[in-house]
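Structure first, commentary second.
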Amino acid sequence: MKKAIMTALLALFVFAGANASFAAGIGYVDYAKVSTSYPLAKQYTQALDKKVAAIKAYAEAQDKKIATAKTDAERKAIRNESVKQVRAKQQDYAVTRNKYEAELTAKVVAAAERVRVAKKLDIIIKKDSRVTGGVDCTLDVLNALK
């Protein structure tokens with residue numbers, strides 16, 4: 001009986017030791033830093049900012065047209081057309097933004113996976129998801145994105 005207990009304890013220690021040797025660790029990425037430092041993210045942000053500026057400029061120009069319209073019917077026609085055009089521009093903005101976000105997320109995830117494998121980590125999470133500890137992989141991910 002003593003021999004069986006000792007064998008079981010030995011097996012438990014061997015199993016625990018082997019299991020611990022496979023635990024490589026957790027990495028994290030500061031996604032805000034990646035999104036402001038990655039050149040493609042900057043390019044996409046600028047493109048989206050231009051779309052927002054174009055929508056604002058269009059709306060302001062249409063407001064001026066409405067203000068100078070001579071009749072209520074003319075004002076109403078300009079307003080209706082303006083609303084239609086602004087909605088179309090907003091829809092285009094939303095579609096473009098979703099496309100950019102999906103593309104950037106896919107690239108960052110692929111880069112993070114390459115870093116995870118190279119550093120032999122178990123997982124890489126967003127910095128905001130961690131409480132304490134972990135390996136900062138932000139610069140490694142940024143370098144992998146180049």
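The values are calculated or read from the model by the stated rules, or taken from the named source; none is laboratory data. Everything numeric in this text was worked out from a predicted model, so none of it was measured. Cβ: placed from backbone, ideal geometry, glycine included. Neighbour counts: every protein chain shown. We work out accessible area using only protein heavy atoms, side chains counted, and drop any ligands, DNA or RNA first. Shrake-Rupley method; radii C 1.70, N 1.55, O 1.52, S 1.80 Å.
Below is a table of values for the structure above.
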{"quantity": "From the options Arg87, Arg116, residue that is surrounded by 15 or more Cβ atoms within 10 Å (Cβ to Cβ) and of a type outside the set (Gly, Ala, Ser)", "calculated": "Arg116"}
{"quantity": "Qualifying positions in the stretch 55-66 - open to solvent by 50 Å² or more (accessible area, probe 1.4 Å) and closer than 30 Å to Tyr31 by Cα", "calculated": "Lys56"}
{"quantity": "Single unsatisfied condition, Arg97 versus (1) within 25 Å of Ser129 (Cα to Cα); (2) modelled with pLDDT under 95; (3) surrounded by 12 or more Cβ atoms within 10 Å (Cβ to Cβ); (4) not aromatic (Phe, Trp, Tyr)", "calculated": "(2)"}
{"quantity": "Filter result for the condition that a residue is among the charged types (D, E, K, R), under 30 Å from Asp136 (Cβ atoms) and modelled with pLDDT of 95 or more, over Asp30, Asp49, Asp92", "calculated": "Asp49"}
{"quantity": "Leading residue by the ranking (surrounded by the fewest Cβ atoms within 10 Å (Cβ to Cβ)) among those in the stretch 23-54 that are of a type in the set (D, E, K, R) and over 13 Å from Thr96 (Cα atoms)", "calculated": "Lys42"}
{"quantity": "Residue among Ala73, Ala110, Ala69 that alone is at pLDDT 95 or above and open to solvent by less than 90 Å² (accessible area, probe 1.4 Å)", "calculated": "Ala110"}
{"quantity": "When residues of the stretch 102-133 are limited to those that are without any contact (Cβ under 8 Å) to a residue 40 or more places away in the chain and among the β-branched types (Val, Ile, Thr), the one nearest to Lys42 (Cα to Cα)", "calculated": "Thr105"}
